[in-house]
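Student: Questions regarding the structure given below will be posed in turn.
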Amino acid sequence: MSFSAFLAKRFRLSHPSGARAFLFSLLLVLTLIPLPARAQEEAPLLTLFPPETSAYPTITFLLDAFTPQGDYLKNLNPAQVNLLEDGKGITPDQVETLQPVLHLAVAINAGPALATRDGFGLSRYDKLTAVLDNWAQARPSQEQDSLTLAWNGGIVASRLTPLNW
C-alpha cells in the first residue's frame, strides 16, 4: 500500500490525489510555524537617545542598556561600546553610568481594611510599614532619592531623603 493510499484511508479522503494535497498542505503549514531562534548568546536591549552636540566636538549620548532578562547592564567600558560614523567603527573616549534619581510617593487609604489582622496578629498596616522600612533601609544613604508619604488626611511627610526614611 502506498503512503498516499494510506493517507486516503486514514483521513477518509475520497481520492488519492486528495491525500497528496493534504500532505502538501501539512508540509506547507509545518514550514510556516515559527521556531524559536537559538543564538549562542542573546543580544542586549539598547535604546540610544538623540545626541547632545552643544559642546561640539565632544558629543554625548544617553544609552539605556538592558540584558535580555531586563536587568541594567552595569560597568560598561569603552571597549564594549562600538559606534558607527560614516560606516567606520568608533570607540568612545568615556562611558559613564548614570543613576537616575527616584521620587517615590506612597498613598495609603487608612480605612478599616488596613486594620485587618492575619493569623499571626499582624495588621495589613504592620506589613505595609515593614515592607517600606526594609526597602528604605536597603537604599544607599548617599542617593538623592526622595519619598513622600500621604494618607486620607493629607501629606504626612514630603521629600524625605534616604537618611530621614
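Student: So, counting K/R as plus one and D/E as minus one, what does the shell of residues with Cβ under 12 Å around Leu76 add up to?
Tutor: Values: positive: Lys74; negative: Asp64, Glu96.
Computed value for this residue: -1.
Student: So which chymotrypsin sites (Phe, Trp or Tyr not before Pro) in segment 56-120 are both in a DSSP loop and have at most 15 other Cβ atoms within 10 Å of their Cβ? Before the final figure, lay out each step's value.
Tutor: Working: sites: Phe61, Phe66, Tyr72, Phe120; in loops: Phe61, Phe120.
For chymotrypsin sites (Phe, Trp or Tyr not before Pro) across segment 56-120 that sit outside H, G, I, E and B with at most 15 neighbouring Cβ atoms in 10 Å, the list reads Phe61, Phe120.
Student: Can you figure out the FRET efficiency of Arg139 with Tyr56, using R₀ = 45 Å and their beta-carbon distance, to the nearest 0.05? Before the final figure, lay out each step's value.
Tutor: Working: r = 38 Å, r/R0 = 0.84.
Computed FRET efficiency for Arg139 and Tyr56: 0.75.
Student: While we're looking at this one, here's another question. Would you calculate the separation in nanometres between label points at Ala105 and Leu76, each defined as 7 Å from the Cα along the Cα-to-beta-carbon direction?
Tutor: 3.2
Student: Round to the nearest 0.05 the FRET efficiency obtained for Val156 and Asp86 when R0 = 41 Å and r is the Cβ-Cβ distance.
Tutor: Values: r = 57 Å, r/R0 = 1.39.
FRET efficiency, Val156 to Asp86: 0.10.
Throughout, read-outs are computed from the coordinates displayed, never taken from laboratory work. The structure presented is a predicted model; accordingly, all values stated were derived computationally and were not measured. Using ideal geometry, Cβ is built from the backbone for each residue, glycine included, and neighbour counts are taken over all protein chains shown.
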